[in-house]
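Data first, discussion second: the structure below is written as structure tokens.
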Amino acid sequence: AGWQVGANQVEVRNNIVGTAYDGNNFVELDVKKNSWISQSFATVIGQTYEVSFFYSPRVGVTANSNEILASVSGDSLLVSGSGVGNAGNLWTEYSFLFTADESSETLTFSAEGLSDSRGGSLDAVSVTAVPEPASWSIVLVGPAGLGLIRRRAL
């Protein structure tokens with residue numbers, strides 16, 4: 001829900017031509033020609049976020065046809081792999097960081113390989129805020145302080 005789809009459409013596969021990493025469905029972005037999907041979401045300006053997703057090359061297809069580009073806020077990651085000799089989907093998790101420049105950002109995944117109706121697969125996309133260093137100190141020091149208070153009470 002919430003994804004915009006390029007004019008060339010995408011395939012949502014229900015465990016067809018491979019199995020999903022998570023659940024029953026995964027996406028291929030090269031139906032008849034290369035296409036894309038994108039989704040906009042609220043962000044906090046200056047906050048760092050992690051984009052995470054699972055990628056698998058299509059079975060029997062060379063790396064130059066399996067490329068997918070993930071991009072948001074000027075940061076991107078190109079993933080690719082050969083599916084030649086694979087018996088099924090081989091899912092690998094990829095991630096990258098970006099810092100929000102606006103109060104709303106758009107994450108886009110686009111097929112970048114040969115436009116030949118065969119391409120890489122995408123599943124389990126997530127975007128999460130990365131805690132700031134000050135937040136980590138609270139997370140780490142808080143339980144230690146509670147332990148000391150508890151120890152003194154005994």
Q | Normalised alpha carbon radius of gyration of the chain [divisor 2.2 N^0.38 Å] | A | 1.32
**Q.** Sorted largest first, extent of segment 1-41 alpha carbons per principal axis (Å)
**A.** 27, 25, 11
Q: Per DSSP H run of at least 4 residues, take -39500 (n - 2.57); add these up for the chain, divide by its residues and hand me the 222 nm value, nearest 500 deg cm²/dmol.
A: -4500 deg cm²/dmol
Q | Charge sum, other residues only, whose C-beta stays under 13 Å from Val44's C-beta, Lys/Arg counted +1 and Asp/Glu -1 | A | -4
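Quick note: the coordinates plus some simple rules give every number you see, no bench work behind them. This is a predicted model, so every value here is computed, not measured. Don't worry about glycine lacking a Cβ; one is built from the backbone with ideal geometry, like all the others, and counts go over all protein chains shown.
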